[in-house]
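Input: a single structure, listed below in structure tokens.
The values are calculated or read from the model by the stated rules, or taken from the named source; none is laboratory data. Predicted model, so just to flag it, every value in this text is computed and none were measured. Note that we place each Cβ from the backbone using ideal geometry, even for glycine, and neighbour counts take in every protein chain shown.
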Amino acid sequence: MSAGKRIALVTGANKGIGFAIVRGLCKALGDRGTVYLAARNEQLGQQSVAELKTEENLHSEFIQLDVTDRKSIEKARDAIVERHGGLDILVNNAGMAFKHDATESFGQQAEVTMATNFFGLSDVCDVMFPILRSHARVVNVSSCLGNVNTITSATIKARVISDDLTVDELKTIMSDFVSAAKRDTQKAYIKEVGFPTSAYGMSKIGVTALSSIQQRQLDQDRSRTDIVVNAIHPGYVDTDLTSHKGSRTIDEGAVSSIYAALLPEKTDIRGQYVSCNSQVEDWRKGVQRTA
Ligand SMILES: NC(=O)c1ccc[n+]([C@@H]2O[C@H](COP(=O)([O-])OP(=O)(O)OC[C@H]3O[C@@H](n4cnc5c(N)ncnc54)[C@H](OP(=O)(O)O)[C@@H]3O)[C@@H](O)[C@H]2O)c1
């Protein structure tokens, strides 16, 4: 790893699992790192930075970043480059899910969910990847609900799990899902096409597949040294997103992200899907739902 301070950025970190990832990285890196707690809402982000300081004497830095706002991502990148020259750890944690009793149509839910969980994450990567330094670690927070077996179309599933899938192709599949979701509220068309009936699940399938492609692309680029991307799932965690029904604490939910963020030099764990127990799972065969 680089001899200087390691610079880490965690998106969606004002609460929940992201907050616990910042806490864990602050403890692990100590004076050898600077951890940016990114939040879309400045007040909430600043409050969380202050909470870590006053309650645990941990020092993090606030940075504003809304994953659906490209300008805010670029502004955060420019600030990090100006202050540190580059980035060593990127944890793409920001995400959302509609509640079961949400009144928005399935099409609307699909559009917003995909824009945040998949396209937002992808935009953060597009902007931040050029500033990743040698040995950087990227963690894309996926979910065990992003199970490829929920894709009932053999053709779509084969493309999503194929070794030569491109980012553009994956984006088209995700956009096709949103278009299909807008066709009817009863999900009849989406079932007919063979897509999953969960927009959240489909967005997380996208995150896992994207991580695999990103690693392949980085491995082919000889100018990048030992940059590693993995998708993780945190388990079923007690947060606002799960209406606090999850059984794991936020610190337990942060374990696999912290593990993947701190993987040592020349690790074999690259382009993988890492479980909440920090075990590599074969996402292409479909992951057992544990949460
Ligand atoms: N909890 C689980 O059991 C579970 C299981 C599998 C995967 N996950 C994944 O874990 C990640 C964290 O979820 P969580 O459970 O900790 O949920 P959470 O407590 O609701 O936290 C979600 C975080 O994402 C932020 N966020 C949402 N939209 C954003 C945007 N457009 N730009 C920037 N930040 C945004 C939220 O900010 P605001 O406070 O401003 O809304 C919040 O900080 C998500 O990717 C989620 O899909 C969670």
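Values computed for the structure shown
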quantity: Residue that is surrounded by the most Cβ atoms within 10 Å (Cβ to Cβ) [pool: residues in segment 10-44 that are more than 7 Å from the ligand (Cβ to nearest atom) and of a type in the set (Ser, Thr, Tyr)]; calculated: TYR36
quantity: Residue identified as among the aliphatic types (A, V, I, L, M) and surrounded by fewer than 19 Cβ atoms within 10 Å (Cβ to Cβ) among ALA102, ALA136; calculated: ALA102
quantity: Counted residues, segment 62-89 - those being over 20 Å from ASP126 (Cβ atoms) and either within 12 Å of the ligand (Cβ to nearest atom) or part of a strand (DSSP E or B) (or both); calculated: 1
quantity: Residues of segment 228-270 classified as within 17 Å of the chain's Cα centre (by Cα), surrounded by fewer than 21 Cβ atoms within 10 Å (Cβ to Cβ), within 9 Å of the ligand (Cβ to nearest atom) and outside any loop (DSSP other than H, G, I, E, B), total; calculated: 1
quantity: Tally of residues being surrounded by 22 or more Cβ atoms within 10 Å (Cβ to Cβ) and either at pLDDT 95 or above or among the polar types (S, T, N, Q) (or both) across segment 184-197; calculated: 2
quantity: Candidate set from segment 90-135 (those that are among the β-branched types (Val, Ile, Thr) and outside any helix (DSSP H, G or I)); member that is nearest to the ligand (Cβ to nearest atom); calculated: VAL91
quantity: Unmet requirement for ARG159, which otherwise passes all of (1) within 16 Å of the ligand (Cβ to nearest atom); (2) in a helix (DSSP H, G or I); calculated: (1)
quantity: Pairs with Cβ under 9 Å, 6+ apart, first in segment 16-34 and under 20 Å from HIS84 (Cα atoms), second of a type in the set (S, T, N, Q) and within 11 Å of the ligand (Cβ to nearest atom); calculated: VAL22/SER48; LEU25/SER257
